[in-house]
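Structure, as structure tokens:
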RNA sequence: GCGCCAAUAGCUCAGUUGGAUAGAGCAACAGCCUUCUAAGCUGUGGGUCAGAGGUUCGAAUCCUCUUUGGCGUACCA
């Protein structure tokens, strides 16, 4: 449709200009807007003409009629049907061209159909997930992962070279808390001895610290001492830290595998904080920062309308900000990027504002290429997730539950015989449900995670989308057994003239634009909405009209070809959203 | 207090960047399986787009104010 849009924009614009000069209208013409009519019967392109009424001193409808007449009488223009509705001039384009081009493109590009060149030759680093090594992943991380993973795929689809990086928060006062509690109360428990997954075991001691702190509030001092020791390289402390760290990482990686989250590179704060410290001290020498009497180092943010911010503690240890400074610099040294996107909760908007400013002050010109993709919180129907009240939704638990439900569903529908591996299929369904649920909502908005709704597989859900792909796949299997009979039947797109077919052709042709828009706005939910619209349209079409049992061989071939195109668009959309494609379910 | 963000059907969310009668899913009710997978399809009911002004031929969309909610404003991360 892209071609048709440009063509008709230029035609209508040209005729408007001619009308203006004939009516000796001096003023500049408002830019012409192109829209989509609300209904299929109203054509495919719409030009609202209200903006010109004043200029031409004519009713918009009359302008539309005049344009229609002029265009129809001009032999140089393509002969398409023009319709006037009120102040709109609508065009019903010859969809045969659109359909042929769509089929050609999809056959040629296959899994690359929809890809564009918006970010060609651009290197974009995407940071996401960034767990602490003191507890297992929860629902908030799952949203982060889903967005990070999807955004990376979307940027790649737009031609960018993407490096997905994870930054492990494996140092700091919070890590020392779980270490201290472990030291005090564990009696040498290990994942092997307890049978508890490593990240959950460490998490158990992080929770225990809070309990210990209630009994003895001074315990925090011990944790602070431990951090000091850690930064000084104390052997015993480092040994415990390494061990607990390994346990957590093993557990986290298991969860990543289950959720199909992958990274190209891992950074560890334990390895980057020192550089941050150096840079802060360097900035102090250069007079960018200043030192308080107690020895702490600060930056004054008055020039960007903010307060003062501490960069290094009075005892010399690093802060969150310190290590992020080091990490950013190291990253740019390692892999000079055109842009870096931090997928981090919106609560940290202030932190990133400061971070980017500090880097700019330190003279890094690429600080302007850093971008914080701030996503909203995940709340429960009753309110916030609170670890103290035990309302945090654990990632492993949730996936487990969803998988069990999917197994139950498969059994209830008696699909076991049709499915190769029930467990794998159930896991794929669970993952599809989860990722789609999380990516339906615009990232920057807070969202409510309703457990009951998230485990429903009906309606606007991941499994509904997967189901479309599975049914088409089933159709394709059926067709392949009789494919030879259709070898010599040519594809006649002009047979696809139902309103539903026209809508499908148009919507499928829009896919590349949707992929581009999702990248421009860093918003996977644009793909979700599109995919759901396409699914509903297709679902109705295929419910109402026979494909393989259409009345003639030619019609079967034409409809079958369209269905295959739709499947490719489905599959490419799934890939961008982390919804596994299933041949059968 | 100051800063950032949000508010659309009972609930969860869309809304083509200012256009035609504001749409889906869930929940409720009523239909459709000897038929390409019923994880589906169809229909009914449900709206002061938080409120008030303003800009405009036209506002859920842009501006101002108000209300309500969230987040931030840590030598936590």
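The values are calculated or read from the model by the stated rules, or taken from the named source; none is laboratory data. Because the structure is predicted, anything quoted here is derived from the model rather than measured. Reconstructed Cβ throughout: ideal geometry from the backbone, glycine too, with neighbour counts over all protein chains shown.
Details
Residue by residue, here is whether (1) more than 20 Å from the chain's Cα centre (by Cα); (2) more than 9 Å from RNA strand B (Cβ to nearest atom); (3) under 15 Å from residue A:580 (Cβ atoms) holds:
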| position | (1), (2), (3) |
| --- | --- |
| A:350 | yes, no, no |
| A:359 | yes, yes, no |
| A:379 | no, no, no |
| A:390 | yes, yes, no |
| A:429 | no, no, yes |
| A:445 | no, no, no |
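- Contacts under 9 angstrom Cβ, first residue in the range A:540-551 being touching a residue at least 60 places away in the same chain (Cβ under 8 Å), partner within 6 Å of RNA strand B (Cβ to nearest atom), 6 or more apart: A:542/A:471; A:542/A:475; A:547/A:475; A:548/A:475; A:548/A:478
- Residues in the range A:156-187 that are within 30 Å of residue A:217 (Cα to Cα) and free of Cβ contacts under 8 Å to residues at least 60 places away in the same chain: 11 in all.
- Number of residues in the range A:456-474 that are within 30 Å of residue A:393 (Cβ to Cβ) and either buried (at least 17 other Cβ atoms within 10 Å of the Cβ) or more than 8 Å from RNA strand B (Cβ to nearest atom) (or both): the value is 11.
- Looking at A:121, A:134, just one residue is in a loop (DSSP other than H, G, I, E, B), modelled with pLDDT under 95 and over 15 Å from residue A:576 (Cβ atoms), and that residue is A:134.
- Of A:453, A:409, all but one fail to be closer than 19 Å to residue A:582 by Cβ, part of a helix (DSSP H, G or I) and within 8 Å of RNA strand B (Cβ to nearest atom); the exception is A:409.
- Any chance residue A:478 is part of a helix (DSSP H, G or I) and farther than 23 Å from residue A:581 by Cβ: no
- All of A:346, A:314 fail the test of being within 12 Å of RNA strand B (Cβ to nearest atom) and touching a residue at least 24 places away in the same chain (Cβ under 8 Å), apart from A:346.
- Flag for residue A:477 being over 19 Å from residue A:533 (Cα atoms), within 9 Å of RNA strand B (Cβ to nearest atom) and more than 21 Å from the chain's Cα centre (by Cα): yes
- Enumeration of residues in the range A:317-335 that are within 9 Å of RNA strand B (Cβ to nearest atom) and free of Cβ contacts under 8 Å to residues at least 12 places away in the same chain: A:319
- Odd one out for residue A:109 among (1) exposed (fewer than 14 other Cβ atoms within 10 Å of the Cβ); (2) without any contact (Cβ under 8 Å) to a residue 40 or more places away in the chain; (3) farther than 24 Å from residue A:23 by Cβ: (1)
- Test: residue in the range A:253-272 that is under 22 Å from residue A:360 (Cα atoms), over 26 Å from the mean Cα position of the chain (by Cα), surrounded by fewer than 17 Cβ atoms within 10 Å (Cβ to Cβ) and modelled with pLDDT under 95: no
- Extreme residue, surrounded by the most Cβ atoms within 10 Å (Cβ to Cβ), among residues of the range A:9-22 that are touching a helix residue (DSSP H, G or I) at 6+ places or on another chain (Cβ under 9 Å) and at pLDDT 90 or above: A:16
- Selection status of residue A:39, free of Cβ contacts under 8 Å to residues at least 24 places away in the same chain and at positive phi: no
- Residue within the range A:52-60 that is buried (at least 18 other Cβ atoms within 10 Å of the Cβ) and either within 9 Å of RNA strand B (Cβ to nearest atom) or within 29 Å of the chain's Cα centre (by Cα) (or both) present: yes
- Residue count, the range A:73-97 (criterion: modelled with pLDDT of 95 or more and within 32 Å of the chain's Cα centre (by Cα)): 0
- Tally of residues being out of contact with any strand residue (DSSP E or B) (no Cβ under 6 Å at 6 or more places or on another chain), without any contact (Cβ under 8 Å) to a residue 60 or more places away in the chain and away from RNA strand B (no atom under 14 Å from the Cβ) across the range A:283-301: 3
- From the list A:441, A:489, A:422, the one residue that fits, being surrounded by 12 or more Cβ atoms within 10 Å (Cβ to Cβ) and without any contact (Cβ under 8 Å) to a residue 40 or more places away in the chain, is A:422.
- Residues of the range A:23-46 that are more than 8 Å from RNA strand B (Cβ to nearest atom), over 17 Å from residue A:95 (Cα atoms) and modelled with pLDDT of 90 or more: A:32 alone.
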